[in-house]
Amino acid sequence: MVTTLLVVIVALALIFDYTNGFHDAANSIATIVSTKVLTPFQAVLLAAAFNFLAYFVITDHKVANTVSKMVNEQFITLHVILSGLIAAITWNLITWWFGIPSSSSHTLIGGFTGAGITNALYMGANGLHAINLKLVLTTMAYIVLAPVIGLFIAYIVTIIILHICKRSRPVVADRWFKRLQILSSAALSYAHGANDAQKVMGILYVTLIASNVIKSGAVMPHWIPLACYSAIALGTMSGGWKIVKTMGSKITKITPLEGVSAETAGAITLYITQYLGIPVSTTHTITGSIIGVGLTKRVSAVRWGVTINLIWAWIITIPISALIAGSVFALMKVMGY
């Protein structure tokens, strides 16, 4: 039974990583597609390649370590992990279907912690004792901080670029920025892979501990990073065109110059948070960066109605994922699992 459940959880975790790829593909390719620098097919190939490149570079897996400690070990069971994954995949597919750029990262964290809290309640403990409150609150704080950081960096980068290029001929500058956008999109894709694939690594790591395959504190098996980076890259190749449309055109109109600024700012923000081991949302980060670019023109250049709807999606993601996971876990208990 444990072996079968372990196989199911590993499969679902990699499926989630795959859905993360096509759900978040828009984050790194929306602007490069909307400015017609690359075709959608060329863009997803670029993004997928740089998603996977992180496998060869990242060795410390700080984000994976953070995710693995979101729920305290004594409250982690295979059924808790399974419930969290079912909730995360469900919410990811719902938001993808409706073209809502919510956070795959926060969906996974919400599902994992929600199931952990429910398990604690069934054990007669305080639900909050199941989670590492410091890590959860830090992650929730970055729902606000990540897009704000991206916004400020994008604003500053855009102002600097505009100042440097103020004497350039528009046609020449536009041609150069189309070339540079390939580099900035590649950098953002790399950062996306480095940050997002690690979240599933953390889940798979605690799965092996909960099933007694490895001991707590053991070195992560090499197959976990390879499988996770492969899954997210394959997912990215599948694309997420509904979200591409939202990210690339509905927030603010994007030019190649602005695409370079937004992607560069998003990549810098993700590099910083990955170094700090904070599991932030790629979606939130690049959205904030796009808003920052729009603000360099005028406040009205940003379509605030669309932006407010995105913010609401961000706010509800963790609690809804937690409720779904808690309900799934409770249903399993009722069914005798």
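The values are calculated or read from the model by the stated rules, or taken from the named source; none is laboratory data. If you're wondering where the values come from, they're calculated on a predicted model, not measured in any experiment. Here the Cβ positions follow ideal geometry from the backbone for every residue, glycine too, while neighbour counts run over all protein chains shown. The accessibility values were calculated without ligands, DNA or RNA, using every heavy atom of the protein model including side chains. Shrake-Rupley method; radii C 1.70, N 1.55, O 1.52, S 1.80 Å.
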Only unsatisfied item for Ala30, checking (1) more than 22 Å from Thr90 (Cβ to Cβ); (2) in contact with an Asp or Glu (Cβ under 6 Å, 6 or more places away or on another chain); (3) of a type outside the set (Val, Ile, Thr), is (2)
Please go through (1) touching an Asp or Glu at 6+ places or on another chain (Cβ under 6 Å); (2) under 25 Å from Val37 (Cβ atoms) for Val200 and return the number of the only condition it doesn't satisfy. (2)
Which one of these does Ile316 not meet: (1) at pLDDT below 85; (2) surrounded by fewer than 24 Cβ atoms within 10 Å (Cβ to Cβ)? (1)
Hey, does segment 31-44 have a residue that's farther than 19 Å from Leu234 by Cα, modelled with pLDDT of 95 or more, touching a Pro at 6+ places or on another chain (Cβ under 9 Å) and surrounded by 24 or more Cβ atoms within 10 Å (Cβ to Cβ)? no
Restricting to segment 77-108, and then to whatever is aliphatic (A, V, I, L, M), open to solvent by 10 Å² or more (accessible area, probe 1.4 Å) and in a helix (DSSP H, G or I), can you tell me which residue is farthest from Leu323 (Cα to Cα)? Leu78
Thr236 of a type in the set (Val, Ile, Thr), closer than 23 Å to Asn195 by Cα, under 15 Å from the mean Cα position of the chain (by Cα) and at pLDDT 85 or above: yes
Note on segment 56-75: residues within 30 Å of Lys178 (Cβ to Cβ) and open to solvent by less than 70 Å² (accessible area, probe 1.4 Å) are Ile58
Given the options Ile100, Ile156, Ile143, name the one that is modelled with pLDDT of 90 or more and not hydroxyl-bearing (Ser, Thr, Tyr). Ile156
Hits in segment 118-149 - residues which are of a type in the set (A, V, I, L, M) and open to solvent by less than 50 Å² (accessible area, probe 1.4 Å): Ala120, Ala125, Ala130, Ile131, Leu135, Val136, Ala141, Ile143, Ala146
Residue pairs meeting the criteria (Cβ under 8 Å; at least 6 apart or on separate chains; first touching a residue at least 24 places away in the same chain (Cβ under 8 Å) and closer than 19 Å to Ala47 by Cα, in segment 185-205; second charged (D, E, K, R) and surrounded by fewer than 24 Cβ atoms within 10 Å (Cβ to Cβ)): Gln198/Lys62
Out of (1) small (Gly, Ala, Ser); (2) modelled with pLDDT of 75 or more; (3) open to solvent by 10 Å² or more (accessible area, probe 1.4 Å), what's the single condition that is false for Ser300? (2)
Among (1) small (Gly, Ala, Ser); (2) assigned to a helix (DSSP H, G or I); (3) more than 16 Å from Ile320 (Cβ to Cβ), there is one condition Ala125 misses while meeting the rest; what is its number? (2)
Tell me yes or no: at least one residue of segment 274-293 is of a type outside the set (A, V, I, L, M, F, W, C), open to solvent by 10 Å² or more (accessible area, probe 1.4 Å) and either at pLDDT 85 or above or assigned to a helix (DSSP H, G or I) (or both). yes
